[in-house]
Amino acid sequence: MIDEGSTEIAFDDHRLIHQVAGQQDEHLRSLERLLGVRIASSAGAIQIRGDEVQRELAGRVVRQLCGLLEKGYPVYPSDVDYAVRILSSDRGANLRDIFLDTIYISAHKRVITPKSLNQKVYIDAIRGHDIVFGIGPAGTGKTYLAMAMAVAELTKNNYARIILTRPAVEAGEKLGFLPGDLAEKVNPYLRPLYDALHDMVDFDRARKMIERGTIEVAPLAFMRGRTLNDSFVILDEAQNTTNEQMKMFLTRLGYGSKAVVTGDVTQIDLPAGKSSGLKRAVAILADIPGIRFISFNEKDVVRHRLVQDIITAYERAGAAEADSRGEATNGGPRVGNGLREGNQPAAARPHGEDRS
């Protein structure tokens, strides 16, 4: 007999219980820690005890993870964390629609899929629009997912080349102090783009594609005067563009091309007195129908779970400092995570607590 305050989920396939539970029940222990419930598994059932609301949520997570396993999706410990975030934000969300939306299978045989509601909206926006802005803190998958989409589209021959670019902005160290010629000086600024590329395409194949010009990695300044046709273009670290650079970049787009612009307006490294081209673009382009702006927040972070807490702590401290100075914290375009509320797509707006 089940005690009051508990929920039991029965399984016909006993193997499924072990897969849901994870190695040494690590998935169930994660659920206990995240939701404050107690979970026990037996030969044919999983029993959840605790607060009614959290118990119901835990049961929903378990059932949906089972659905993913039945479809052949390998559930990792991090997926349990993502599932809790998603279903906490939207109890009606379907994990299959998100986790089974395969974007690309990397060189390391890892399946790349969205891990949050906002990441799913972002991917759908890239599929359906020629210019997409992904704005939010580090670790939310903005550049990584855009790169995965670009490589996937290139392999389908939907584009002739991929162009990866970012501004070479000094962040505390003068370029002149670095050894080598101009190419060697700016290469460290492009290293994150190479890292993401090599995570998806094996090194030798990537090198050959770069040599042939199928993939180009270059500083933003090298885009001036060009027309980019049949290209999938990614502008990373766009918060460090000037107004002139952002306009220059956006007007390079030619026929049959797509551009994804990513940035975090809380980490601007421009010299004092220079305004961010990304912040300006949010203000003046938000009403153009063919351009989509997707705003991410700390709940979309797919790095170590402490990164979420770090971002939240910094945002809280920044808001407190702004209040102490008497600065306005509302009205006009938001710059903390990108957009005015009205500019966010409905599916990307917070549902109470919103989570890639």
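The values are calculated or read from the model by the stated rules, or taken from the named source; none is laboratory data. Since the structure is predicted, the reported quantities are computational estimates derived from the model, not experimental observations. Don't worry about glycine lacking a Cβ; one is built from the backbone with ideal geometry, like all the others, and counts go over all protein chains shown. Heavy atoms of the whole protein, side chains included, go into the accessibility calculation; ligands, DNA and RNA do not. Shrake-Rupley method; radii C 1.70, N 1.55, O 1.52, S 1.80 Å.
The table that follows gives values for the structure above.
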read-out	value
Some residue of the range 228-245 being out of contact with any strand residue (DSSP E or B) (no Cβ under 6 Å at 6 or more places or on another chain), in a helix (DSSP H, G or I), crowded, with 23+ Cβ neighbours inside 10 Å and not aliphatic (A, V, I, L, M)	yes
Flag for Gly22 being more than 27 Å from Ala146 (Cα to Cα), open to solvent by less than 70 Å² (accessible area, probe 1.4 Å) and out of contact with any strand residue (DSSP E or B) (no Cβ under 6 Å at 6 or more places or on another chain)	yes
Options Asp81, Asp130, Asp124; residue that is at pLDDT below 95 and acidic (Asp, Glu)	Asp81
Selection from the range 100-127 of residues that are surrounded by 20 or more Cβ atoms within 10 Å (Cβ to Cβ) and among the polar types (S, T, N, Q)	Thr113, Ser116, Asn118, Gln119
Options Gly44, Gly92; residue that is more than 21 Å from the chain's Cα centre (by Cα), surrounded by fewer than 21 Cβ atoms within 10 Å (Cβ to Cβ) and under 23 Å from Asn297 (Cα atoms)	Gly92
Any hit, the range 293-309, residues being of a type in the set (Gly, Ala, Ser) and modelled with pLDDT of 90 or more	yes
Filter result for Thr312 (part of a loop (DSSP other than H, G, I, E, B), of a type in the set (Val, Ile, Thr) and at pLDDT below 90)	no
The listed residue being open to solvent by less than 10 Å² (accessible area, probe 1.4 Å), β-branched (Val, Ile, Thr) and out of contact with any Gly (no Cβ under 7 Å at 6 or more places or on another chain), out of Val75, Val53, Val80	Val80
Per-region count, the range 16-69, residues within 22 Å of Ser89 (Cα to Cα) and of a type in the set (S, T, N, Q)	3
Residue that is surrounded by the most Cβ atoms within 10 Å (Cβ to Cβ) [pool: residues in the range 200-217 that are over 24 Å from the mean Cα position of the chain (by Cα) and of a type outside the set (Val, Ile, Thr)]	Met209
Residue check for Lys279: of a type in the set (D, E, K, R) and in a helix (DSSP H, G or I)	yes
Options Thr262, Thr266, Thr227: the member that is at pLDDT below 95 and under 21 Å from the mean Cα position of the chain (by Cα)	Thr266
Residue match in the range 11-26 (condition: of a type outside the set (Lys, Arg) and under 30 Å from Lys142 (Cβ atoms))	yes
